[in-house]
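Here's the structure we're looking at; comments come further down.
The values are calculated or read from the model by the stated rules, or taken from the named source; none is laboratory data. Here the structure is a predicted model, which means the values were calculated and not measured. Using ideal geometry, Cβ is built from the backbone for each residue, glycine included, and neighbour counts are taken over all protein chains shown. For accessibility, only protein heavy atoms count, side chains too; no ligands or nucleic acids. Shrake-Rupley method; radii C 1.70, N 1.55, O 1.52, S 1.80 Å.
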Amino acid sequence: EGEALDVSADRVEVDVEHGTAALDGGVTVKFGGMEIRCPSVRIRYDRSPRVSFARGSGGVTAHFQGIDASAATMEFDAQARTVVLHGAVRLSRGPGWMTAEQATVDLASRKVSLEQVKGSIPVDRVHP
């Protein structure tokens, strides 16, 4: 019932008593049309069990709506339905790109918000 956080990894260690899971090695996480890859993810879940929070580290790459992204870390908040990329964030789509200190992806509205941004956005050529 509801959406699932689809995961794959080389190794998974689950701590049922504390409601945590550690995924290591070639981790892939998919949710809400976003795919994230990184070396390590830590997950918190409730007794249902339903994921409430996930944090990826070790260098993150993500793909969402034709946008490729990279960052040092990511945090997924299931209740807010957001993914926040932190540290040396780079987003690219076609020839356009932006760098930021932080990018927040709202999976419900499909909007991306950036902080401390620099970039290059292509402009249509005007033909005489």
Note on the chain: contact order normalised by length, alpha-carbon pairs under 8 Å, 6 or more apart, percent, works out to 13
Carbon/sulfur accessible area of the chain, % of total, 1.4 Å probe, equals 50
Here the relative contact order (percent) of the stretch 1-57, from C-alpha pairs under 8 Å and at least 6 apart, is 27
Of the candidate values (1) 6.8; (2) 9.7; (3) 9.2, the one computed for mean projected area of the Cα convex hull in nm² from this structure is (3)
Taking the solvent-accessible surface of protein heavy atoms with a 1.4 Å probe, what is the per residue accessible area of the chain in Å²?
63
Positive minus negative residues near residue 73 (Lys, Arg vs Asp, Glu; Cβ under 14 Å):
+1
